[in-house]
1. Looking only at residues in the stretch B:211-262 that are of a type in the set (Gly, Ala, Ser) and in a helix (DSSP H, G or I), which one is nearest to B:Lys201 (Cα to Cα)?
2. Sort out for me the helices (runs of 4 or more DSSP H) sitting completely within the stretch B:21-100 that have 1 or more residues that are away from every other protein chain (no Cβ under 14 Å), free of Cβ contacts under 8 Å to residues at least 60 places away in the same chain and closer than 27 Å to B:Leu142 by Cβ.
3. If we keep just the residues of the stretch B:1-12 that are in a helix (DSSP H, G or I) and within 9 Å of chain A (Cβ to nearest Cβ), which is farthest from B:His117 (Cα to Cα)?
4. Quick check on my filter: what residues within the stretch A:56-99 are closer than 18 Å to A:Gly130 by Cβ, in a strand (DSSP E or B) and within 12 Å of chain B (Cβ to nearest Cβ)?
5. So which pairs qualify, if the first residue must be in the stretch B:416-428 and in contact (Cβ under 8 Å) with a residue 40 or more places away in the chain, the second must be among the β-branched types (Val, Ile, Thr), the Cβ gap must be under 6 Å, and the two must be at least 6 apart or on different chains?
6. What are the residues in the stretch B:70-106 that are closer than 16 Å to B:Glu44 by Cα and aromatic (Phe, Trp, Tyr), if any?
7. Which residue is farthest from the chain's Cα centre (by Cα), if the candidates are limited to the stretch A:65-88 and must be surrounded by fewer than 18 Cβ atoms within 10 Å (Cβ to Cβ) and of a type outside the set (Ser, Thr, Tyr)?
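The values are calculated or read from the model by the stated rules, or taken from the named source; none is laboratory data. Every value quoted in this text rests on a predicted model; they were computed, and no experiment measured them. Quick reminder, even Gly has a Cβ in these numbers, built from the backbone with ideal geometry, and neighbours come from all protein chains shown.
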Amino acid sequence: MTNNAKIDLLKDKIKFLVRHAAEDRVRKHTGQSEFSVIDADDCLPGQVLGNWMSLILITGSALKITLKLHFSHNDIKPLIYPIYRKASAAEISDQQSMDFIKELCNLTAGFIEQVFEHNDISLGISLPLGTRGFYELFSDYTESDYPMIKYHDLWRLSFDELSIFGTVMFEISDPNALENITSYDQENQDEDEDEGEFDFL
Amino acid sequence: MSNLNQTIQASHKVLSLLEKANSHSEQIIDSLPGVFLILNEKFEILRGNVEASNILGLEYEALLRTPLSELIKKDIWDVFLFHFNQLNENQTTQGIKFELAIHDHKQHTERKSFYWHITRIEDTNQAEGAVYSLMGKDISELREAENRLSSIFTNIPLGIFTIDECGKIEDTYSNHLLFLLGASDLNQKSLKDVLFEPIKKDLTREEIDGIDNIYTCLNNSEKLFEELSRSFPKNIFFYHPGKKNEGRHLQISYKPVNYDGLLKRLLIIIEDRSAFVASEKEQERANLLEKQSRAIYESAIRDPLTGLYTRLYMADHVEALLNSHNRHNIANACLVMFDVDHFKPINDTYGHDVGDKILKSIGAIILQQSRNTDIPIRFGGEEFLAFLPGDSKSGFLFAERVRKSVEQLVTHVGDEAISVTISGGISSHEVGEDLDSLIKRADQLLYRAKKEGRNRNAIEQNI
């Protein structure tokens with residue numbers, strides 16, 4: 001395998017790991033197994049995809065991942081009011097809606113960190129940040145291979161009419177240090193993973 | 001602690017701060033006192049604030065990606081579009097400001113005036129293209145206040161306008177101005193041409209210099225205005241050629257409008273003083289007439305030779321004195337009747353001029369001895385009357401003072417010194433007695449004084 005092919009494989013593995021993590025976490029913690037991660041081909045990076053946004057950083061010496069989830073309160077509230085044991089979406093505040101997405105960011109990042117940890121790659125997770133979506137205007141999605149490998153991914157967590165958009169920026173500074181992750185097997189990993197606790201309630 | 005953990009700890013702190021800062025910024029944007037919108041290249045809304053949501057009639061969540069053109073009327077959107085295009089055509093311009101009224105979705109009936117500011121956000125991306133911020137400040141209350149003020153200005157009977165630094169009329173604030181100057185449109189016309197040119201031939205040298213000084217002051221220091229403004233023409237008679245009879249007296253005042261210490265504009269207020277001037281003239285005419293009437297009356301009631309009152313005055317005023325006595329408003333009233341002794345020979349010998357001179361001197365003595373309340377009258381020829389609000393004793397004392405003064409009077413005719421004497425009769429008015437009776441009794445007493453040797457005063461025996 002050429003070096004370029006190795007790097008492409010690494011890039012894809014990490015990209016799909018993040019997609020899988022997001023899909024898995026949203027399914028488990030909303031109780032909606034119909035949630036699926038799909039390409040957002042009709043959208044472009046840098047596009048304002050929701051009124052609100054939660055951001056989390058997953059960083060290590062060889063890799064940095066910036067994960068953003070874009071949403072609207074009007075979409076999230078009907079999804080989560082049963083989780084909060086409320087009678088209707090109207091009883092959910094904006095803050096509760098934001099907390100839910102921040103926690104989803106946190107759990108997704110935790111999943112990713114755990115996978116890397118199993119492969120002897122140490123990563124850290126920041127606190128999730130919540131803000132308005134229009135700051136996405138000022139994001140930089142420029143891709144590059146040198147001196148740092150930079151690339152991005154854009155998808156949506158889709159369920160019925162509901163979409164939670166995800167934009168991810170990857171920065172790999174040391175591909176060799178991440179080599180173990182190329183052997184990551186999604187199916188096996190799912191068996192071992194931690195169920196996690198949705199601890200924002 | 002590992003390097004990684006340290007980095008993460010640091011990023012936690014930074015992200016917490018960033019989240020807090022963002023949250024505060026968002027609250028500020030939400031509560032901005034006006035419309036705030038972020039629009040992309042297709043003029044879709046990417047961010048709005050509370051006021052935008054209110055004005056456009058959409059919930060905040062629903063604003064995202066809604067084209068602004070769908071939320072406002074087409075004619076208004078066309079104006080917005082024009083300004084967006086202007087901004088795009090001129091890449092060096094960062095922002096465009098303009099005023100435009102839009103419908104408030106809560107109040108469909110009328111438009112509200114907004115002052116808009118479109119700014120191009122330089123940091124744009126491929127997905128959204130050019131990005132603009134659109135801010136609209138609600139100035140409807142300001143415009144309403146302006147309209148109220150303007151309607152006051154428009155209707156007050158003053159001509160109000162400003163001239164710019166070149167002396168051209170810039171803004172007119174009153175309909176009355178057009179009426180005063182008989183013009184239809186004054187915009188951008190020269191002050192000189194409009195106000196002074198039609199009456200150029202009537203202006204004095206000083207006024208012409210004053211007009212030049214107005215132009216000298218423009219775009220110059222405040223201090224120069226203070227010095228020269230005294231010379232500006234302030235009162236003119238304005239008319240159009242051939243229509244002098246329709247002219248108006250205008251009073252002009254000049255108020256400086258300074259920017260950075262320089263006179264950039266001049267507020268000019270014109271007041272039509274025609275009615276005032278006409279009333280002043282009318283007043284002058286009335287005063288003159290009154291003066292003339294008074295002169296005529298004076299000449300009728302004043303004897304021009306002696307300065308004493310005439311019989312005409314006596315008819316009007318002596319009755320009042322006697323009535324006061326009749327009503328006991330005064331305790332007494334009396335009459336002194338004088339006659340110059342041997343006056344006819346003086347006239348015959350020295351002529352009427354000398355006779356008149358003596359009569360004039362005697363009149364002056366009687367006036368001198370009279371109080372304000374006394375009524376001295378030239379009764380005819382060399383006869384004089386004096387009505388006094390007092391008893392016959394005080395009348396006698398008065399008559400004696402007059403007699404003695406006349407006795408000492410010397411009139412020079414060439415080298416000759418002429419002396420005359422005077423006799424008098426004093427009668428006390430009885431309540432209810434008429435004027436003729438009073439005069440008759442005084443005349444009888446005068447006759448007695450003459451008979452007893454002249455140069456004396458006769459008083460009733462029982463006093």
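1. Step by step, filter the stretch B:211-262, then rank; the result is B:Ser231.
2. B:50-56, B:74-89
3. By that ranking, first place goes to B:Asn3.
4. If the condition is that a residue be closer than 18 Å to A:Gly130 by Cβ, in a strand (DSSP E or B) and within 12 Å of chain B (Cβ to nearest Cβ), then A:Ile56, A:Leu57, A:Ile58, A:Thr66, A:His70, A:Phe71 are the ones that fit.
5. From the stretch B:416-428, the pairs are B:Ile418/B:Thr411; B:Val420/B:Val340; B:Val420/B:Ile358; B:Ile422/B:Val340; B:Ile422/B:Val406; B:Gly424/B:Val336; B:Ile426/B:Val336; B:Ile426/B:Ile459.
6. Once the filter is applied, which keeps residues that are closer than 16 Å to B:Glu44 by Cα and aromatic (Phe, Trp, Tyr), the stretch B:70-106 yields B:Trp77, B:Phe80, B:Phe84.
7. Selected residue: A:Ala87.
Residue-by-condition table, conditions (1) of a type in the set (A, V, I, L, M, F, W, C); (2) without any contact (Cβ under 8 Å) to a residue 40 or more places away in the chain; (3) surrounded by fewer than 16 Cβ atoms within 10 Å (Cβ to Cβ):
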| residue | (1), (2), (3) |
| --- | --- |
| B:Thr162 | no, no, no |
| B:Asp202 | no, yes, yes |
| B:Ile214 | yes, no, no |
| B:Asn219 | no, no, yes |
| B:Lys223 | no, yes, yes |
